[in-house]
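Participant: Got a structure for you, questions after.
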Amino acid sequence: MTKQQEGESAKLIQVCSVRVGEELYGIPLGDILEIVGGACPQAVPLAPDFIAGLVHYRGDVLTTVNLRRVLGMPPACAVQDLLVLEDAGGPFGLVVDSVRAVLTLSSADFEPIPATVRKRKALFAGAFKLRDRLMVVLETEQLQPMRLAQWPEGV
Amino acid sequence: MDELIREFLIESQEGLDRMERCLTDLESRPDDADLLAEIFRTVHTIKGATGFLGFKGLETLAHTGENLLGMLRDGRITAEPHVITVLLDLLDGLRSILRTIEQQGGESCDGNPLQDEELIGRLNALQTASAGDAGGDGGMCAAPLAQAESGRSQNKNGTNKSEGHGGGPVDARSEEHGTEIARISGSPAPAGSAAESTLRVDVKLLNRLMNLVGELVLTRNQVLQATAADPRMTMLSRRLDMVTADLREGVMRARMQPVSNIFSKVPRMVRDLSQLLGRRVRLEMEGQETELDKSLLEAIKDPLTHAVRNALDHGIGTPAARLAQGKPEEGVLRLRAVQEGSHVVVEISDDGAGIAVESVRARAVERGLIAPERAAAMSERELLQLIFLPGFSTARQVTNVSGRGVGMDVVRTNVEKIGGKVELDSQAGRGTTVRMRIPLTLAIIPALIVRSRGQSFALPQGALSELVHISREDAKQAIEWVEDAPVYRLRGDLLPLVLLDRLLGACVEDVGGREHFIAVLDGDGRRYGLVVDGLADPEEIVVKPLSPILKSVGLYSGATVLGSAELALILDPGAMATMAGIRVSERNSPGNKSDTRSEEASELEYLVVSVGGSQAALPLKEVLRIEQVPAARMEYVDRKPVLNFGGRLLRVEDRANRIPSASSDASVLVVVCSDGARHAGIVADQVLDVAKGSELMEAGTGNTIPGLRLLRERVTSVFDLDMLAGPEAPRCEDGVAQSPACEPDGANEHTMATSWREAG
């Protein structure tokens, strides 16, 4: 995301918007390997709370993160969507309520998160000012299961 | 890193590995010109390449070494042990510079110039000393002269080679030992064309291929299930099946490497250690061409080193001590690798002092590992097993005679981690053999699928010794509680139980009113029963690694996709025991059961059944499966009942004539017996018990009566395979390790008990 902040002139950025509860979050399209609809991860007993479970993805067994739990929301029971993300630590899954749309936005509408946000600030890269609401963009790297596990107070 | 430099590094490392072997050989054959030529060539190649790659330090060192080697080859000095020692140091020096280049992309300035300098000094000292000795042969034979000669000697070296072998033996050897070379062609290529017929392949790519093949196996399983009913698809799915199997074998072969890759490190180790410890040791190696999966080869490197160390440190004594015992001064250390079925056996044996079991006994009692009364009753074999106990490893001096056990638990843990087994044989005064049984591949293992909390989990078959079924009615009495710990009486012994539901975090208060299965497991030497809700058929599972976060849970060793496309976590028997707090106690010490059996051969265990109202028995170790078979599935050959049993024809013995009398929709109970090669089925009314029984003596004569035993205080006739299946057919290797299996819906089965640890 820092690249976009540095940009002098406005650039176009593609972001995938996802719904979790009543909130809208954005994930940079470049970090997404695949969007899988209607995933149902296999629970892993004794795993940390924010782990949604395992899914079978192209020959690998993928660990998935439950975004609801990461954001401190109660678990949902309805069928959810799965995003396969990738960063330096390898691929992992992110379970969200539903995937909305791929938006092409101008970096002029992007602003960093204000300092008054204390809770879970590291998770957020910034926010896009959409016409009717704000869309907080997530920091993919911070959603890696191992990263989440290192949070001292838990998520 | 530059492609050119990478290539150089790989080639140089291979060359140095070869040089190491040659150097140790050279010590026993100091006049072998071929060996010297080989060593010279390695160093010369490195020096040549460094010249234009610009690694100054490496060049200087290689150059000095080359000079010394030149003199050796020209016969101006002989390869005495102290010369070899310096050359081995040269090898280590070259290696460490190469490592620096690999890690940092270039020679570090702060590396270790002093050490190199010192080494160069020693190399030069040897040259000048010998030059002094040789007198007339040029008193001033310093570096420049030797350098001038190196060109000439190289020609000579070429002639040597063509005289000796007439072909390029170097190429052929490098093909054989290349550490990272994946074999594309099945048979070793003829010398000379090695470069054209082999190809370097990134291990990552091979792993990826292996993964995809695993995926294909799963998809094939699902396709086979889905198309079973459609005759048009039969041919297609059969071909898919065959191609998949071939492909899987091919990819697995590509990952195989000869054990010589790790054996080749041993001569140097033996040389260094025997000098350090003052031993004289002859090393014999056998079966170097045996192949093993690359990752498994890596995994047994440490256990092998440990075992060799132990053999030299505690096994083979000093020459004086050996002479005193009437043995030759020189000890023999033998490494042997051989493939046996789906396993590779690696043996490390010595002809040293062996293990004094009496001192093991004393030490174990002293350390509180076993109770004194128990120790007194233990057999030699059982006592030897104590060496693997974790508490024992710290006992550095068991006695002065033998102190084996340093890190033997580490050997066992490492080998068991990859699904292998370690056995130990020792005779006091005669020597010790450590035997490691390693599976050919890690990626695919047989597993029993169990159910708990509505989920499937996979249990590796290797750790499973038997299964016990507890019916709904019995659950309350059969599982007893000591405080909050459940236990089960297994043939009189108390077996600690672990409730899988509870271990996985579910709140379980009551075990009554439900059906249970107890899987009796052996987790790193700890025996316990895992209580699960249900069982599914055993499956060959493809092991997928877990992400670090799930590995840190500590219970799971991997995950897999089942034939039903469901995901299952693979449970780690050792980790479960640790988490449940199960300790190694003398009662569960490994080998306990099998030893009592091997000692008292007449006290075999039998499965007692009732046939036509009277009691009959089958040797328990031959019982493979107890199954409810619908009477309609029975077929007849020559008016004798037979059964299609997993694609094989099973002869069925029906003494009480139950099959014809059963209505067509009823089922009969069939006990399937096997000794690995022969199979037979026996129709029984019901299974009664498992009991021990001794042979019956005929009154008066004292002869034993074959075919009869006293079981549950009744005279019982015993079925055996000789009688049921005819004389013994040639045994097939892989049939011996038949896995225990159980039909989940078999309502009548009582005790499922099969493969014990092999008694031998």
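The values are calculated or read from the model by the stated rules, or taken from the named source; none is laboratory data. Only a predicted model underlies this, so the values are computations on that prediction, with no experimental measurement involved. Reconstructed Cβ throughout: ideal geometry from the backbone, glycine too, with neighbour counts over all protein chains shown.
Participant: Looking at (1) surrounded by fewer than 20 Cβ atoms within 10 Å (Cβ to Cβ); (2) assigned to a loop (DSSP other than H, G, I, E, B), find the lone condition where B:Leu495 falls short.
Facilitator: Checking B:Leu495 against (1) surrounded by fewer than 20 Cβ atoms within 10 Å (Cβ to Cβ); (2) assigned to a loop (DSSP other than H, G, I, E, B), the one that fails is (2).
Participant: Residue pairs, Cβ under 6 Å, 6 or more apart or interchain, first in region B:66-92 and surrounded by 21 or more Cβ atoms within 10 Å (Cβ to Cβ) and modelled with pLDDT under 80, second of a type in the set (Ser, Thr, Tyr) and assigned to a helix (DSSP H, G or I). List them.
Facilitator: Close Cβ pairs (under 6 Å, with a partner that is of a type in the set (Ser, Thr, Tyr) and assigned to a helix (DSSP H, G or I)) do not exist here.
Participant: For residues in region B:49-88 being part of a helix (DSSP H, G or I) and either among the β-branched types (Val, Ile, Thr) or not assigned by TED's automatic domain parsing to the domain that holds B:Leu26 (or both), which is nearest to B:Gly15 (Cα to Cα)? Outline the logic, then answer.
Facilitator: Initially, region B:49-88 is screened for residues part of a helix (DSSP H, G or I), giving B:49-53, B:56-73, B:81-88.
Among the residues that remain, those that are also either among the β-branched types (Val, Ile, Thr) or not assigned by TED's automatic domain parsing to the domain that holds B:Leu26 (or both) are: B:50, B:60, B:64, B:83-86.
Working: B:Thr50: 14, B:Thr60: 18, B:Thr64: 18, B:Val83: 20, B:Ile84: 17, B:Thr85: 18, B:Val86: 18 Å.
This residue is B:Thr50.
Participant: In the set B:Leu218, B:Leu224, which member is surrounded by fewer than 18 Cβ atoms within 10 Å (Cβ to Cβ) and part of a helix (DSSP H, G or I)? Don't jump to the end; show me each part of the working.
Facilitator: Details: B:Leu218 fails: surrounded by fewer than 18 Cβ atoms within 10 Å (Cβ to Cβ).
After ruling out the rest, the residue left standing is B:Leu224.
Participant: I would also like to ask the following. For region A:125-146: of the residues being closer than 19 Å to A:Leu62 by Cβ and among the hydrophobic types (A, V, I, L, M, F, W, C), which is nearest to the other protein chains (Cβ to nearest Cβ)?
Facilitator: Residues of region A:125-146 that are closer than 19 Å to A:Leu62 by Cβ, as a first pass: A:138, A:140-146.
Applying the additional criterion that residues be among the hydrophobic types (A, V, I, L, M, F, W, C) yields A:138, A:143, A:146.
Values: A:Leu138: 18, A:Leu143: 12, A:Met146: 5 Å.
It comes out as A:Met146.
Residue-wise test of (1) within 10 Å of chain A (Cβ to nearest Cβ); (2) under 25 Å from A:Met146 (Cα atoms).
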{"residue": "B:Arg526", "(1), (2)": "no, no"}
{"residue": "B:Val531", "(1), (2)": "no, no"}
{"residue": "B:Ala536", "(1), (2)": "no, no"}
{"residue": "B:Leu546", "(1), (2)": "yes, yes"}
{"residue": "B:Leu555", "(1), (2)": "yes, yes"}
{"residue": "B:Ala565", "(1), (2)": "yes, no"}
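Participant: Hey, another quick one. With respect to B:Arg282, is the statement that it is closer than 25 Å to B:Leu16 by Cβ and out of contact with any Ser or Thr (no Cβ under 8 Å at 6 or more places or on another chain) true? Walk me through how you get there before you give the answer.
Facilitator: Values: closer than 25 Å to B:Leu16 by Cβ: yes; out of contact with any Ser or Thr (no Cβ under 8 Å at 6 or more places or on another chain): yes.
Spelling it out, B:Arg282 is indeed closer than 25 Å to B:Leu16 by Cβ and out of contact with any Ser or Thr (no Cβ under 8 Å at 6 or more places or on another chain).
Participant: Has region B:536-555 got at least one residue that is assigned to a strand (DSSP E or B) and modelled with pLDDT of 90 or more?
Facilitator: So the first thing to find is which residues in region B:536-555 are assigned to a strand (DSSP E or B), and the list is B:539-542, B:544.
After this cut, where a residue has to be modelled with pLDDT of 90 or more as well, the list is none.
Within region B:536-555, not a single residue is assigned to a strand (DSSP E or B) and modelled with pLDDT of 90 or more.
Participant: B:Thr244 is checked against (1) touching a helix residue (DSSP H, G or I) at 6+ places or on another chain (Cβ under 6 Å); (2) among the hydroxyl-bearing types (Ser, Thr, Tyr); (3) free of Cβ contacts under 8 Å to residues at least 24 places away in the same chain and fails just one. What number does that condition carry?
Facilitator: Of (1) touching a helix residue (DSSP H, G or I) at 6+ places or on another chain (Cβ under 6 Å); (2) among the hydroxyl-bearing types (Ser, Thr, Tyr); (3) free of Cβ contacts under 8 Å to residues at least 24 places away in the same chain, only one is false for B:Thr244: (3).
Participant: Report whether or not B:Arg435 is touching a residue at least 24 places away in the same chain (Cβ under 8 Å) and on the phi > 0 side of the Ramachandran plot. Before the answer, list the steps.
Facilitator: Numbers: touching a residue at least 24 places away in the same chain (Cβ under 8 Å): yes; on the phi > 0 side of the Ramachandran plot: no.
It is false that B:Arg435 is touching a residue at least 24 places away in the same chain (Cβ under 8 Å) and on the phi > 0 side of the Ramachandran plot.
Participant: Of the numbered conditions (1) surrounded by 14 or more Cβ atoms within 10 Å (Cβ to Cβ); (2) acidic (Asp, Glu); (3) within 22 Å of A:Leu148 (Cβ to Cβ), A:Asp49 fails exactly one; give the number of that condition.
Facilitator: If we test A:Asp49 against (1) surrounded by 14 or more Cβ atoms within 10 Å (Cβ to Cβ); (2) acidic (Asp, Glu); (3) within 22 Å of A:Leu148 (Cβ to Cβ), just (1) comes out false.
Participant: Condition first: of a type in the set (A, V, I, L, M, F, W, C) and under 23 Å from the mean Cα position of the chain (by Cα). Now tell me which residues in region B:298-336 satisfy that.
Facilitator: First, pick out the residues of region B:298-336 that are of a type in the set (A, V, I, L, M, F, W, C): B:299-300, B:304, B:307-308, B:311-312, B:316, B:320-321, B:323-324, B:332-333, B:335.
B:Ala299, B:Ile300, B:Leu304, B:Ala307, B:Val308, B:Ala311, B:Leu312, B:Leu333, B:Leu335, listed by residue number.
Participant: So B:Gly51 ticks every box in (1) of a type outside the set (A, V, I, L, M, F, W, C); (2) surrounded by 15 or more Cβ atoms within 10 Å (Cβ to Cβ); (3) modelled with pLDDT under 80 but one. Which box is left unticked?
Facilitator: All conditions are met except number (2).
Participant: Is region B:677-689 home to any residue that is modelled with pLDDT of 75 or more, in a strand (DSSP E or B), under 15 Å from B:Leu618 (Cβ atoms) and polar (S, T, N, Q)? Lay out the reasoning, then the answer.
Facilitator: First, the residues of region B:677-689 that are modelled with pLDDT of 75 or more: B:678-689.
Next cut, in a strand (DSSP E or B) only: B:679-684, B:686-689.
With the extra rule that they be under 15 Å from B:Leu618 (Cβ atoms), the set shrinks to B:679-684, B:686-689.
Checking which are polar (S, T, N, Q) leaves us with B:686.
Looking for residues that are modelled with pLDDT of 75 or more, in a strand (DSSP E or B), under 15 Å from B:Leu618 (Cβ atoms) and polar (S, T, N, Q), one finds at least one in region B:677-689, hence yes.
Participant: For the subset of region A:39-68 comprising residues that are more than 25 Å from B:Met210 (Cβ to Cβ) and in a loop (DSSP other than H, G, I, E, B), which member is farthest from the other protein chains (Cβ to nearest Cβ)?
Facilitator: Among those that are more than 25 Å from B:Met210 (Cβ to Cβ) and in a loop (DSSP other than H, G, I, E, B), it is A:Asp49.
Participant: Considering each of A:Ala122, A:Ala149, A:Ala115, A:Ala108 in turn, give the residue that is within 14 Å of another protein chain (Cβ to nearest Cβ) and out of contact with any strand residue (DSSP E or B) (no Cβ under 7 Å at 6 or more places or on another chain). Reasoning before the result, please.
Facilitator: Working: A:Ala122 fails: within 14 Å of another protein chain (Cβ to nearest Cβ); A:Ala115 fails: within 14 Å of another protein chain (Cβ to nearest Cβ); A:Ala108 fails: within 14 Å of another protein chain (Cβ to nearest Cβ).
Unique residue meeting the criteria: A:Ala149.
Participant: Right, here's the next one. Being outside the structural domain of B:Leu620 (by TED's automatic domain parsing) and buried (at least 21 other Cβ atoms within 10 Å of the Cβ) is the requirement here; does B:Lys476 meet it? Step through it out loud before you land on a result.
Facilitator: Values: outside the structural domain of B:Leu620 (by TED's automatic domain parsing): yes; buried (at least 21 other Cβ atoms within 10 Å of the Cβ): no.
No; evaluated as a whole, the condition is false for this residue.
Participant: Here is a further query. Among the residues of region B:568-626, what is the count of those that are of a type in the set (D, E, K, R), under 30 Å from B:Asp685 (Cβ atoms), surrounded by 16 or more Cβ atoms within 10 Å (Cβ to Cβ) and at pLDDT 60 or above?
Facilitator: 4
Participant: Among the residues in region B:248-257, are any outside any loop (DSSP other than H, G, I, E, B), within 14 Å of chain A (Cβ to nearest Cβ) and over 30 Å from B:Arg322 (Cβ atoms)? If you could, list the steps in order and put the result at the bottom.
Facilitator: If we filter region B:248-257 for residues that are outside any loop (DSSP other than H, G, I, E, B), which is where we start, we get B:248-254, B:256-257.
After this cut, where a residue has to be within 14 Å of chain A (Cβ to nearest Cβ) as well, the list is B:248, B:251.
When the remaining residues are screened for being over 30 Å from B:Arg322 (Cβ atoms), the result is B:248, B:251.
Among the residues of region B:248-257, at least one is outside any loop (DSSP other than H, G, I, E, B), within 14 Å of chain A (Cβ to nearest Cβ) and over 30 Å from B:Arg322 (Cβ atoms), which makes the answer yes.
Participant: Would you say B:Thr42 is part of a helix (DSSP H, G or I) and modelled with pLDDT under 80? Even if it seems obvious, please write down each step before you answer.
Facilitator: Working: part of a helix (DSSP H, G or I): yes; modelled with pLDDT under 80: no.
Considered against the rule, which asks whether it is part of a helix (DSSP H, G or I) and modelled with pLDDT under 80, B:Thr42 comes out as no.
Participant: I would also like to ask the following. Where residues in region B:370-424 are at pLDDT 70 or above and among the small types (Gly, Ala, Ser), which of them is farthest from B:Val434 (Cα to Cα)? If you could, list the steps in order and put the result at the bottom.
Facilitator: Restricting attention to region B:370-424, the residues satisfying the condition of being at pLDDT 70 or above are B:370-389, B:408-424.
From what is left, the residues that are among the small types (Gly, Ala, Ser) are B:371, B:375-377, B:379, B:419-420.
Numbers: B:Ala371: 27, B:Ala375: 23, B:Ala376: 25, B:Ala377: 24, B:Ser379: 19, B:Gly419: 17, B:Gly420: 13 Å.
Going through the qualifying residues, I end up with B:Ala371.
Participant: Do you know which residues across region B:635-648 are under 42 Å from the mean Cα position of the chain (by Cα) and either at pLDDT below 80 or of a type in the set (Val, Ile, Thr) (or both)?
Facilitator: B:Val642, B:Asn644, B:Phe645, B:Gly646, B:Gly647, B:Arg648
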